[in-house]
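The values are calculated or read from the model by the stated rules, or taken from the named source; none is laboratory data. Everything numeric in this text was worked out from a predicted model, so none of it was measured. FYI the Cβ positions are ideal-geometry reconstructions off the backbone, even for glycines, and counts take in every protein chain you see. Accessible surface is based on the protein model in full, side chains and every heavy atom, while ligands, DNA and RNA are left aside. Shrake-Rupley method; radii C 1.70, N 1.55, O 1.52, S 1.80 Å.
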Amino acid sequence: PEETVTSSFASFIRAARPEHLSQTVRQRSKRMILDSIGVGLVGSTTRVFDIALRYCRLYSSVAVSSVYGKPGVKLSPTLAAFTNGVATHSMDFDDTWHPATHPSGAILPALLAASQMLPPNTKPNGLDFLLAFNVGLEVQGRLMHFSTEAHDIPKRFHPPSVVGTLGSAAATAKLLSLSSVQCCHALGIAASLAGAPMANAATQAKPLHVGNATRLGLEAALLAGRGMEANPLILDDIPGCSGFSAFYSVYQPKPLSTPGEHHEFLLEKQDIAFKRFPAHLGMHWVVDAALSVRNLFINYAGSFSPSLIRTIMLKIPVSKYINRPFPSSEHQARHSFQFNACAALLDMLVGLGSFSEGSIHRQELRELLDKVVVEHPEDNVANFDKMYGEVALLLHSGDVLTGKCDTFYGHWRKPLSKESLLKKFRSNASHVLPEEKIETIITLVDNLENLSDSSQL
């Protein structure tokens, strides 16, 4: 039969081999795995994680897969994937790609759970694990490029709940060695399980989007492996019948080339963004701009004196769900340009403690928020590859001090150094693990290609 877009994706999943991963792709993806584990570990200390874990422990059958930050606790593979996915996104601390999605959290928990699920004599090795992870990344990235709508900060669907679900299905299908036909059906099943609205951003429900993506993708692969079928044209653009195109307008799918000497993985072409503090990616521009203008203010006045400031002007893109003048919860604060700019001005940094109840409701912070005015310049588009953040302090003296950030430290154009990434991982993991276990994980991920049993992770 004639090749379709959907069948080309299935063929790619089936045909991918370890030798198709360049050294750059291997190193970048291992950085993602390490960061995602650290984010999941610190995320296991949150309230939303506790809620998810208590729910999942209602179902105790086939408890073989581990849970982040909970030694001795095991769940069924799909519920462990769900719980660990929630942990990964519970603080909005996980990695971000372009077009915008959170790729690692949607696939890594599924692969970790599936590795523990398989019988001892069929455990995938570390290289198989790394390959499956990159297959899941590639599928997500290619799907995101099918619509120009996906290039901008989303308005309708939260991207990891859409492409992440299919990425999880693809990654798990690869790890389980499904046939091309089964891979095709896994993608089709996953499409029926995908999608979550952006209205739940800045709430405790948002981490469920990543938890569901990784869990439901795993379920889709397991169902396909057991004979369930779905539409074999789910990724194709069929007039009058929406498949994956239901999630995105102006849908223009393209076949995925077979991996080999003529195929270049997207991760080869573009690195990932790692967050330095736990908040929506857009916040990182305004925080760096705020820190820059704060230094100017110190040089100007000798110390940071809010009483000298008449107005704080933020020049940011139009994006309704992260334009929050007076956030009242930690999740709203993580999605507020205004809060993050003012927290950086007041504290010289933004970190885990910035989003505590006490920090959010400080009187001095509320007084700064009262001074914020927002502008949306036409050249500042809601796109993580093109946007900028600008913070201007209009002083009572009439002077104006301005800080601007075009590319924050951690963006794919300005990647975190190895030292910075390790510092972040150690800091996150230290909330739940002793030092010797933290160093063991670092060594395991660094030598993942040589690991004989990936379930050791």
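The fraction of all Cα pairs in the chain landing in successive 20 Å bins from 0 to the largest distance is 26, 55, 18, 1, given as whole percents. With both residues required to sit in the chain, DSSP beta bridges show an antiparallel share near 85%.
Per-residue SASA remark: T45, around 70 Å² accessible (1.4 Å probe; ligands, DNA and RNA not included). Of the solvent-accessible surface of the chain, computed with a 1.4 Å probe and all protein chains present, 52% belongs to carbon and sulfur. Ligands, DNA and RNA are left out, and with a 1.4 angstrom probe the accessible area of the chain is 39 Å² per residue.
Suppose R0 equals 60 Å. What FRET efficiency, 1/(1 + (r/R0)^6) with r the Cβ-Cβ distance, do N295 and R57 give to the nearest 0.05?
E(calc), rounded to 0.05, equals 0.80.
Relative contact order for the stretch 281-405: 42 percent, from Cα pairs under 8 Å spaced at least 6 residues apart, divided by residue count.
Sequence-ordered 3J(HN,Hα) estimates for the stretch 336-347 from the Karplus curve with 6.51, -1.76 and 1.60 and θ = phi - 60° stand at 10, 4, 5, 4, 5, 5, 6, 5, 5, 4, 6, 10 Hz, glycine and proline given as x. For the stretch 281-405, the normalised intensity computed at q = 0.09, 0.12 Å⁻¹ comes to -0.21, -0.39 (log10 of I(q)/I(0), Debye sum over alpha carbons, equal scatterers, no solvent). Using a probe of 1.4 Å, the accessible surface attributed to D347 totals some 50 Å² when neighbouring protein chains are kept in position. Taking the DSSP beta bridges with both ends in the stretch 281-405, the antiparallel portion is around 75 percent. Principal-axis analysis of the Cα atoms of the chain puts helix 5-15 at an angle of about 80° to the longest axis. Against the chain, whose longest principal axis comes from its Cα atoms, helix 77-89 is set at around 20 degrees.
The distance from the alpha carbon centre of the stretch 132-195 to that of the stretch 250-271 is 14 Å, rounded to a whole number.
Highest-first packing order for the peptide set 354-366, 77-89 is 77-89, 354-366, based on the mean count of other beta carbon atoms within 10 Å. For S329 and S179, the FRET efficiency from 1/(1 + (r/R0)^6), where r spans their Cβ atoms and R0 equals 45 Å, is about 0.45.
Taking the Cα centroid of the stretch 1-74 and of the stretch 298-327, what is the distance between the two, rounded to the nearest whole Å? One Cα centre to the other: 38 Å. Electrostatic bookkeeping for Y248 treats Lys and Arg as +1 and Asp and Glu as -1; over the other residues with beta carbon under 15 Å from its beta carbon, the sum is 0. How much of L131 can a 1.4 Å solvent probe reach, expressed as accessible area in Å² and rounded to 10? Accessible surface of L131 is approximately 10 Å². Net length available on complete extension from R366 to D446 is 24.4 nm, with 0.36 nm assigned per residue and the Cα-Cα distance removed. For the chain, the longest principal axis of the Cα atoms and the long axis of helix 435-446 meet at an angle of about 60 degrees. Near F277, once Lys and Arg are set to +1 and Asp and Glu to -1 for all other residues with Cβ below 14 Å from its Cβ, the sum equals -2.
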